[in-house]
Every structure is written in structure tokens, then in C-alpha cells.
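Working notes for the structure below.
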Amino acid sequence: MDMNSANVEAIVKQVLEGMLEKSVSAPTPAARGTIPATSKVAMLTALEHYDIKEYPIPEIGDDDMLVKVEGCGVCGTDAHEFKRDPFSLIPVVLGHEGTGEIVKMGKNVKKDSAGKDLKLGDKVVTCMIFKDNPDITMYDLNKQNVGGADVYGLLPDDDIHLNGWFADYIVIRGGSTVFNVSDLDLDSRILIEPCAVLIHAVERAKTTGILRFNSRVVVQGCGPIGLICIAILRTMGIENIVAVDGEQKRLDFAKEMGATKSVNFKDHKGIEALSGAVADCFDGHLADFAFQCTGSPVAHANIYKFIRNGGGLCELGFFINGGDATINPHFDICSKEITTVGSWVYTLRDYATTFDFLKRAKGIGLPMSKLITHRFPLDQINEAHVTNLKMEGLKIAIINQ
Ligand SMILES: [Zn+2]
């Protein structure tokens with residue numbers, strides 16, 4: 001071997017520079033592991049069918065980030081796409097309730113959308129991808145909800161492919177809303193998006209001026225939405241909460257989440273008996289305020305009967321068109337002077353509020369993690385969706401690794 005000292009020096013220098021580079025760009029365990037050349041994604045290629053595909057991980061731009069996915073909740077929206085593709089997105093990589101760790105950052109990426117520093121190894125969630133709608137901005141948040149904006153996990157497929165959280169890696173492009181949520185555990189991070197829906201609903205409810213600390217509140221529907229609603233009311237200090245549902249198991253869980261009493265509508269024949277049962281829970285009074293958290297038109301019609309004259313209602317159960325409800329405008333709204341607000345999706349401010357809610361919920365011992373009843377690896381995403389459609393569990397999550 002013919003190696004002169006100049007060569008040795010050059011090699012040593014090269015090795016040292018290599019080490020230095022690594023220590024700057026890879027301070028965390030995940031980032032220290034090499035980033036593979038390809039990433040698995042779960043692509044919905046036909047109705048009710050995902051294929052696990054493998055795509056090259058592209059070079060990222062100066063404003064982009066590469067995030068290693070840790071987990072992602074399965075949403076009602078995913079269930080609709082899986083069954084019917086109402087947004088005509090197939091083939092598509094779904095998953096918008098995801099979170100993961102930054103493993104690569106473009107040189108211009110410095111802060112998250114709330115102004116918090118970002119570095120390799122930080123845990124992040126995304127919210128909306130802004131295009132050119134000035135009404136949806138981080139600091140003017142109450143103008144409108146983000147229902148019309150683009151979201152990772154509901155984007156058409158393109159050359160990058162890593163567009164949804166049902167994957168091993170996702171490319172977060174410049175201009176997206178990103179939040180550093182390193183101070184939340186994985187389960188909390190997976191629950192951020194559905195919780196934001198409820199933070200928004202409660203903010204909408206507060207605009208009526210009727211919801212107070214000592215309000216008697218009915219929450220109808222104890223799926224994930226109703227259960228999170230109860231948890232939020234509880235963290236706000238509202239303690240007189242009656243949960244209404246047809247399943248005892250869910251009602252029991254509602255109590256763990258902070259409901260004071262519960263009514264199983266299957267135990268009461270007819271709306272009069274049912275509203276009587278609700279009033280019994282409030283010592284003979286009707287509710288000051290009610291949250292309607294089911295997608296059932298009959299449930300919407302019923303809920304007015306639980307509310308006192310001058311009370312309030314927040315309707316948030318109809319995320320999609322669930323059909324028409326029959327009510328009597330005279331008896332249900334006018335003569336009772338009910339103040340009604342509708343709620344859909346959330347604003348960015350609600351998203352940021354949600355991080356604090358999740359910490360508070362944990363702080364007062366609410367069993368938020370129990371909302372995630374089923375966990376599947378990415379390879380079993382078809383099974384995860386079938387389980388979700390059976391509606392036996394609450395939140396179904398894909399957990400990577
Ligand atoms: Zn969702």
C-alpha cells in the first residue's frame with residue numbers, strides 16, 4: 001500500500017468533516033439511523049382496498065421537511081374515502097391525523113407556524129396547506145374554519161407520492177402549517193385533530209353566552225366526538241354533564257371522561273320519557289345547553305326536547321350530509337327561544353388551543369389514551385379500516401415501527 005502522509009491527512013480531514021456533519025445534522029436516535037432510499041406508503045388503489053407501495057424518498061427542497069411517521073389516526077373521512085371515494089381521490093395516500101419526527105430539514109426551515117423553533121428530532125403535526133386564501137392565517141383565526149383548505153392525507157397523488165400520513169415517511173412542503181408538539185406523548189399527538197374539532201365546537205358554543213361553569217349540559221352521542229366533548233367541558237370546569245347514548249359501554253366510558261350522569265335512550269320509550277329521564281338527572285330541570293354529537297337526524301330532532309326555554313344548542317354531528325331532520329320550528333326553536341350554533345372543522349387558533357387542552361386533560365387524569373381502542377401496523381391498514389367500519393371501537397390508529 002502506497003499511502004503518503006499527505007493522503008493520510010486528507011483522509012483524516014475527510015473523516016472528521018464527515019463526523020462533524022453527522023453530529024450537526026443527526027443529533028437524535030431516529031435521525032442517526034440512516035434514512036432509507038425508499039418509503040412504504042399505504043395507497044388506496046380501489047374502493048375498500050389499500051396496497052402497500054414503495055416509493056423513492058425524494059430530495060427535499062430548502063423549505064421542506066422529511067418526517068418519519070410514528071402514527072396516524074383513522075378518521076371518519078378516511079372511512080368515507082375507503083367506502084365510496086366521495087372526493088374522487090383514488091389512487092391516494094390517506095391519513096391526516098398523523099404525527100412523526102423531523103429527520104431532514106431544508107435550510108430555510110427554522111420555526112413552526114406558532115413561531116416555535118424547529119430542529120431535527122422534533123415531533124410535529126401538520127394542519128392546513130395554505131394556498132392563497134388570506135382569510136385563513138395563523139394570527140387572524142376566527143374569520144372562518146379551515147374546511148376548504150388542503151390537508152396532507154387528502155391530496156391527489158403526484159410525483160412525490162409521500163403525501164399522506166399512512167406511510168413510513170411524509171414530505172412536508174414549504175407553506176404548510178406545522179406545529180412542534182414535542183412536549184406531547186404519541187397518543188395525545190394522534191388525538192390532536194379530532195380534539196381540535198371539539199375545541200372549535202365549544203368555542204362556537206361559548207359565543208351564545210349561555211355556557212357557564214354551573215350550566216347543566218347534555219352531550220348526545222358518545223362516540224369519540226361526544227367523549228372528547230365531555231373531556232373538554234370537564235377541563236373547563238363544567239361539572240354537571242349528562243351523556244346520552246344507546247350503548248351502555250360508551251356511557252360508562254363517558255363517566256370516566258367526566259360525565260356526571262348518563263341516560264341510555266334504549267331504556268326509555270318515546271321522546272317524552274327520554275326528556276323526562278334527562279330532566280331527572282338534573283333534579284327535574286332541562287339542560288341549559290346541549291351538544292348534538294351524532295349523525296342521526298332523529299337525534300337532532302330529539303335534542304330540542306332536552307333544552308330549557310332560553311337554552312342553547314351546538315349541532316356538530318353532521319360532518320357530512322346525513323339527511324333531513326324534522327323539527328317543529330314553533331315548539332322547538334321560536335317559543336323556547338333556543339340559540340343554536342353549528343360547528344364544522346376548526347380554525348388554526350383552535351388547533352393551537354388543543355395542545356394545551358391535551359396537557360390539561362392529562363393533568364386532571366382523564367383517560368384520553370383509552371380513546372384509542374385499536375392499534376394496527378401499517379401493513380394491516382385494510383384490517384384497520386374494516387375494524388373502523390364495524391364501529392365497535394372508538395379511535396383506530398395506525399402505529400408505525
Ligand atoms: Zn379527521
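Every read-out reported here was derived from the displayed coordinates using simple, explicitly stated rules and does not represent laboratory data. The structure presented is a predicted model; accordingly, all values stated were derived computationally and were not measured. Backbone-built Cβ (ideal geometry, glycine too); neighbour counts: all protein chains shown.
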Amide N proximity, the stretch 53-89 versus Leu186 label position 7 Å along Cα-to-Cβ, cut-off under 20 Å: 66-75
Rounded to whole Å, give me the distance from the Cα center of the stretch 190-251 to that of the stretch 46-85. 30 Å
Please identify, among Gly100, Gly237, Gly174, the residue showing maximal mean-square fluctuation in a Gaussian network model of the chain using a 10 angstrom Cα cutoff. Gly237
Contour minus end-to-end for Cys334 and Asp280, with contour as 0.36 nm per residue of separation and end-to-end as the Cα-Cα distance? 17.0 nm
Proximal charge balance of Phe213 [Cβ under 13 Å; K/R count +1, D/E count -1]: +2
What ranking, highest mean first, results for peptides 159-171, 337-349 when packing means the other Cβ atoms within 10 Å averaged over each residue? 159-171, 337-349
Output the antiparallel fraction of DSSP beta bridges having both residues in the chain, as a percent to the nearest 5. 60 percent
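How much length would be gained if the chain were fully extended between Asn108 and Asn309, taking 0.36 nm per residue of separation minus their Cα-Cα distance, in nm to one decimal?
Gain on stretching Asn108 to Asn309: 66.7 nm.
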Positive-pole candidate from Leu378, Thr339, Leu316, dipole of the stretch 308-401, charges at beta carbon: Leu378
Here the relative contact order (percent) of the chain, from C-alpha pairs under 8 Å and at least 6 apart, is 17 percent
Taking amide H positions as placed in the peptide plane 1.01 Å from N, state which residues far from Gly100 in sequence (5 or more) or on other chains have amide H under 5 Å from it. Glu70, Val124
Which residues' amide hydrogens lie under 5 Å from the amide hydrogen of Tyr169, considering only partners 5 or more residues apart or on another chain, with H built in the peptide plane? Lys40, Val69
Give, rounded to the nearest 20 debye, the magnitude of the charge dipole that the stretch 198-342 has about its Cα centre when Lys and Arg contribute +1 at Cβ and Asp and Glu contribute -1 at Cβ. 160 debye
Positive minus negative residues near Phe166 (Lys, Arg vs Asp, Glu; Cβ under 12 Å): -4
Beyond 40 Å, what percent of the Cα pairs of the chain remain? 23 percent
By average Cβ neighbour count within 10 Å, what is the ranking of 226-234, 180-188, 353-361 from highest down? 226-234, 353-361, 180-188
Between helix 5-25 and the chain, what is the angle of the helix's C-alpha long axis to the longest principal axis, kept within 0 to 90° and rounded to the nearest 10? 10 degrees
Could you give the dipole magnitude of the chain about its Cα centre, charging the beta-carbon of Lys and Arg +1 and that of Asp and Glu -1, in debye to the nearest 20? 1220 debye
Karplus (6.51, -1.76, 1.60) ³J(HN,Hα), θ = phi - 60°, over the stretch 100-110, in Hz, Gly and Pro reported as x: x, 10, 5, 10, 7, 10, x, 5, 8, 7, 10
Assuming R0 = 35 Å, what is the FRET efficiency of Asp159 and Leu47, from their Cβ-Cβ distance, to the nearest 0.05? 0.90
Round to the nearest 10 and give me the degree value, 0 to 90, for the angle of helix 348-363's Cα axis relative to the longest principal axis of the chain. 80 degrees
Please give the Cα centre distance for the stretch 348-401 versus the stretch 255-314, rounded to the nearest Å. 26 Å
Stretch gain in nm, segment Asp63-Thr208, where the contour uses 0.36 nm per residue and the Cα spacing is subtracted: 48.0 nm
Just how many pairs of Lys in the stretch 198-342 have C-alpha atoms closer than 24 Å, counting pairs that are eight or more places apart or on different chains? 16
Please give, to one decimal in nm, the separation of the simple spin-label points placed at Ile320 and Met236, each 7 Å out from Cα toward the Cβ. 2.9 nm
Going by alpha carbons, how many degrees (0 to 90, nearest 10) lie between the helix axis of 224-235 and the longest principal axis of the chain? 80 degrees
Evaluated at 4 °C with a viscosity of 1.567 mPa s, what Stokes-Einstein diffusion coefficient in µm²/s does the stretch 198-342 have when Rh comes from the Kirkwood expression over alpha-carbon pairs? 88 µm²/s
